[in-house]
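Presented below is the structure to which this report refers.
The values are calculated or read from the model by the stated rules, or taken from the named source; none is laboratory data. Just so it is clear, the structure is predicted and the values come from calculations on it, not from any experiment. Glycine also receives a Cβ, built like all others from the backbone with ideal geometry; neighbour counts cover every protein chain displayed. Just so you know, the surface numbers come from the protein's heavy atoms only, side chains and all, with ligands and any DNA or RNA stripped out. Shrake-Rupley method; radii C 1.70, N 1.55, O 1.52, S 1.80 Å.
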Amino acid sequence: MRKSLLQLALGLLALPSTVFAAFGITSSSGVVTVDSGAGLVIKINSSNGDITSIVYSSKQLQDSSKFTHISSGLGSVTTTTSVSGNYAKVTLKTSTLTQTYVVVNGQNNLYISTYTTAEPSVGELRFIARLSKSALPNGVTAAEVNGGTAIEGSDVFLLNGQTRSKFYSSKRFIEDQVHGVTGSGVGVWMVLPGTAYETSSGGPFMRDINNQGSSQQELYWYMNSGHEQTESFRTGFFGPYALVFNSGSTPSASLDTSFFGSLGVTGYVGSSSRGKVTGSISNVQSGYTVVVGFKNSAQQYWTTASGSSYTSPLMKPGTYTVTLFKGELEVGTGSASVSAGGTTTVNLSSNEYIPSALWSIGNSDGTPKGFLNADKIETMHPSDSRMSSWGPVTYTIGSSSASSWPMAQFISVNNGNKIVWTASSSQIGARTLVIRITSSFASGRPVVTVNSWTSSTPAAPTKIDSRGVTRGTWRGNNQAFTYSIPSGTLIAGKNTFTINVASGSTGDTFLSPNIVYDSIVLY
């Protein structure tokens, strides 16, 4: 019996063991070290706020040449630290920004918040984790650019015969709660729980960079940028958000960050100081996802409707414009005043006019879905060899499918797309043509020729100072162009509609003035 116990003891001693250091914060030689007590150790430069080391499960995950920080680095910061019970907090302050890092005893998560009183001078508010490519080689394939050759600006590349860009890692905000990178037995994830996007700009369908694989593995959260931005930037409290470290499986987006309320974090507003909006939805065309958005100059929120009703997330007090979306198309509005602890009822009804159409191409939903190359544009450049030919095309009403009509039209690539329609004598006379677009580049807008009649050139759309469709997005300022076709223009028989993009600007190939189609309807 004694021998058996001795053998058991020796066997246990031979087993590998993991001994973690104690939870807490230490400071030495200008470096703040935060230890979760569970295998995550983070080092922060107390002078400039850069995270210079991230060790998880004995693996160094931080790149050694470029570091992890807010924006492009804060330059000079005032750093303070505190430990309160199970919470270790590091606060970095500049004259216009407060960055807070929190580690919870026994959790391998780095909780973060960003509070600003002014937009960074570079015009981009982002958190970027510059991680070790050897430890975390697996990111978004379409955003892997290392070794590629630049083909547009300094951010679109050709690699192994495919176009790549950090922009092709983006997801719509409404869908972007978790994104990350992985390696052998390890994953690092950006988690955006709850209403983390409430102080960002652009609404539920805005999208921005999540990842770039360069000589580092770059993991982003873009809070504000000018990348096809349709709103003014907001300032204030961003987050809480988190870097979650694990063995590589996608974590839940449901992180409890309510403890921020007990830590004196600048700008944080807890659930008890928020309210919500609820109501009914009516008259929305069936077959579409219905989203309700809320915004004012300080915040934005959204929710997906459930049947004929909706309930908002918990929102900060204030007065909000409420927007009803069919897909990504605005079809109704309202107003709501939110108070702490209160519930406001706002019933919404679509005011979309849906004519009895003679014919249509595509669906009016604020997107180019179903059109040629629309299924590829989010993850590759229009010049990519995997794209179908952009045309110009001739579309025949009654026999062509929407998938043969190009999602985008570029002055220097596929101007002059045509629609051929054979009309009966009862279908001619004065008619109305509506062309909906989701975005425009370089003041592009459609001019229509029907047989021998040509429309006037519409006024230029509201300009967005950004490349759009070449960066993997169609989202801009949805706009409808209406053309009154005079009586005598259409004939019984074959009619030809020719659409050209007009602009006072010029550009080469896919950077020439362009439009992205939503739908074309004749009634």
Q | Check on Phe441, buried (at least 23 other Cβ atoms within 10 Å of the Cβ) and either small (Gly, Ala, Ser) or touching a Leu at 6+ places or on another chain (Cβ under 9 Å) (or both) | A | yes
Q | Selection from the stretch 378-410 of residues that are under 18 Å from Arg471 (Cα atoms) and of a type in the set (A, V, I, L, M) | A | Met380, Met387, Met407, Ala408
Q: Name the single residue, out of those in the stretch 191-249 being among the β-branched types (Val, Ile, Thr) and within 14 Å of Gln177 (Cα to Cα), that is nearest to the chain's Cα centre (by Cα).
A: Ile209
Q) Hey, Val501 hits all of (1) over 27 Å from Ile397 (Cβ atoms); (2) in contact with a helix residue (DSSP H, G or I) (Cβ under 6 Å, 6 or more places away or on another chain) but one; which does it fall short on? A) (1)
Q | Tally, over the stretch 401-433, of residues that are touching a strand residue (DSSP E or B) at 6+ places or on another chain (Cβ under 8 Å), in a loop (DSSP other than H, G, I, E, B), open to solvent by 20 Å² or more (accessible area, probe 1.4 Å) and not aliphatic (A, V, I, L, M) | A | 1
Q | Number of the exception - Ser286 against (1) surrounded by fewer than 22 Cβ atoms within 10 Å (Cβ to Cβ); (2) part of a strand (DSSP E or B); (3) free of Cβ contacts under 8 Å to residues at least 60 places away in the same chain | A | (2)
Q | Selection within the stretch 501-513 - buried (at least 18 other Cβ atoms within 10 Å of the Cβ) and of a type outside the set (A, V, I, L, M, F, W, C) | A | Ser503, Ser512, Pro513
Q | Boolean, Glu231 is modelled with pLDDT under 95, among the acidic types (Asp, Glu) and in contact with a strand residue (DSSP E or B) (Cβ under 9 Å, 6 or more places away or on another chain) | A | yes
Q | Candidate set: the stretch 470-504, residues that are among the aliphatic types (A, V, I, L, M) and not in a loop (DSSP other than H, G, I, E, B); chosen: the one nearest to the chain's Cα centre (by Cα) | A | Ala480
Q | Flag if Ser487 is farther than 30 Å from Gly153 by Cα, hydroxyl-bearing (Ser, Thr, Tyr) and surrounded by fewer than 13 Cβ atoms within 10 Å (Cβ to Cβ) | A | yes
Q: Counting only residues that are free of Cβ contacts under 8 Å to residues at least 60 places away in the same chain, in contact with a strand residue (DSSP E or B) (Cβ under 9 Å, 6 or more places away or on another chain) and within 24 Å of Asp176 (Cβ to Cβ), give me the strands (runs of 3 or more DSSP E) lying completely in the stretch 297-348 with at least 1 of them.
A: 300-304, 309-311, 318-326, 329-338
Q: Among the residues of the stretch 374-400, write down those that are out of contact with any Phe, Trp or Tyr (no Cβ under 9 Å at 6 or more places or on another chain) and either buried (at least 19 other Cβ atoms within 10 Å of the Cβ) or of a type outside the set (Val, Ile, Thr) (or both).
A: Asp375, Lys376, Asp384, Ser385, Arg386, Met387, Ser388, Ser389, Pro392, Ser399, Ser400
Q.
Restricting to the stretch 223-246, name every residue that is out of contact with any Lys or Arg (no Cβ under 9 Å at 6 or more places or on another chain) and over 21 Å from Val102 (Cα atoms).
A. Gly226, Gln229, Ser232, Phe233, Arg234, Thr235
Q) Ser214 is checked against (1) in contact with a strand residue (DSSP E or B) (Cβ under 8 Å, 6 or more places away or on another chain); (2) small (Gly, Ala, Ser); (3) open to solvent by 10 Å² or more (accessible area, probe 1.4 Å) and fails just one. What number does that condition carry? A) (1)
Q: Could you list all residues from the stretch 28-55 that are without any contact (Cβ under 8 Å) to a residue 60 or more places away in the chain and in a strand (DSSP E or B)?
A: Ser28, Val31, Val32, Thr33, Val41, Lys43, Ile44, Asn45, Thr52, Ser53, Val55
Q: Residue by residue through the stretch 449-484, note down the ones that are touching a residue at least 60 places away in the same chain (Cβ under 8 Å) and loosely packed, with under 14 Cβ neighbours inside 10 Å.
A: Asp465
Q.
Can you find a residue that is modelled with pLDDT of 95 or more, in contact with a helix residue (DSSP H, G or I) (Cβ under 7 Å, 6 or more places away or on another chain), open to solvent by 30 Å² or more (accessible area, probe 1.4 Å) and assigned to a loop (DSSP other than H, G, I, E, B) anywhere in the stretch 193-206?
A. no
Q | Among residues of the stretch 485-501, those that are without any contact (Cβ under 8 Å) to a residue 60 or more places away in the chain and touching a strand residue (DSSP E or B) at 6+ places or on another chain (Cβ under 6 Å), counted | A | 2
Q) Considering only residues of the stretch 256-270 that are part of a helix (DSSP H, G or I) and surrounded by 14 or more Cβ atoms within 10 Å (Cβ to Cβ), which is nearest to the chain's Cα centre (by Cα)? A) Phe260
Q | Flag for Phe127 being within 26 Å of Arg234 (Cβ to Cβ), outside any loop (DSSP other than H, G, I, E, B) and touching a Gly at 6+ places or on another chain (Cβ under 6 Å) | A | no
Q | Criterion: within 26 Å of the chain's Cα centre (by Cα) and either crowded, with 22+ Cβ neighbours inside 10 Å or assigned to a loop (DSSP other than H, G, I, E, B) (or both) - qualifying residue of Ser76, Ser65, Ser113, Ser95 | A | Ser113
